Amino acid sequence: MDKLLPSPTRRIVRQVATGAIVGAAATGLFLFLADGKLGNFADLSVALPVAAGLSYGLIGLFVALGVAAPRAGAALLNVEDEAEVREQRPMLSSGALACILLGLFMIELAVAPALAASLGPVTTGLIAGATLLALIVIWMRESSRMDELNKQLSLEATALGFNIACLLLGGLGILAALGRTIAIEPVTALAAIALVQLVAIFWVAGRRGLLAPRRA
């Protein structure tokens, strides 16, 4: 198969395959270890936030690994070489931390009832609140440092994600009001928005050509 694909395409295929394998393994391990202890993962209000949290968390961990080890980062991330990883280290580090925090926040919401039962509702709320506050601080700090391209990408992805989320959740809301389907939990809606936003980010980046392989 490698001989049938150009070198840059082979590289991006390897990256996607590696991410898919690691993601599937991490998700399976989390579900195996946590099911029954942290909630019922057959419940959509638990499963969807966990899926969103693991998606963001694994992306953040991949980027963090690339930042910590530039040689590995040059292979894992869509960059020219190790020098670009080092040059972009501040931005990549903040992005990785934001993804990890958002992933943790979504998982905390998913397993909040189990955490509240063991740690107490006040402690559980404080943990989730601290995670969210740290995420907001990072977002505010990095928003002021964005260049024009990243600001435009952020605006486009946010607008696209908002429109898709409105169509999806608005449609479900109308059906629920008409008694055609069950109403969804707030945490489920929040997880759906997070996943939609992730798709919107990749869509906008791809449309701008930013996901094209940078090197062989």
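The values are calculated or read from the model by the stated rules, or taken from the named source; none is laboratory data. Model, not experiment: these values are computed from the prediction. Positions of Cβ are generated from backbone atoms using ideal geometry, with glycine treated the same way; all protein chains shown enter the neighbour counts.
Assorted remarks:
- Among residues of the range 170-186 that are in contact (Cβ under 8 Å) with a residue 40 or more places away in the chain and hydrophobic (A, V, I, L, M, F, W, C), those with a beta-carbon under 7 Å from a residue that is surrounded by 13 or more Cβ atoms within 10 Å (Cβ to Cβ) and in a helix (DSSP H, G or I) at least six positions away or on a different chain give the pairs 184/172.
- Residue within the range 41-52 that is at pLDDT 70 or above and aromatic (Phe, Trp, Tyr) present: no
- In the range 102-152, the residues that are in contact with a Phe, Trp or Tyr (Cβ under 6 Å, 6 or more places away or on another chain) and more than 21 Å from residue 202 (Cα to Cα): 131, 132
- Any hit, the range 96-109, residues being more than 23 Å from residue 192 (Cβ to Cβ) and without any contact (Cβ under 8 Å) to a residue 60 or more places away in the chain: yes
- Being aliphatic (A, V, I, L, M), modelled with pLDDT under 80, over 19 Å from residue 92 (Cα atoms) and part of a helix (DSSP H, G or I) holds for only one residue in 176, 216, and it is 176.
- Selected residue (criterion: modelled with the lowest pLDDT) from residues of the range 189-213 that are assigned to a helix (DSSP H, G or I) and among the small types (Gly, Ala, Ser): 206
- Failed condition for residue 114, given (1) under 22 Å from residue 197 (Cα atoms); (2) at pLDDT below 90: (1)
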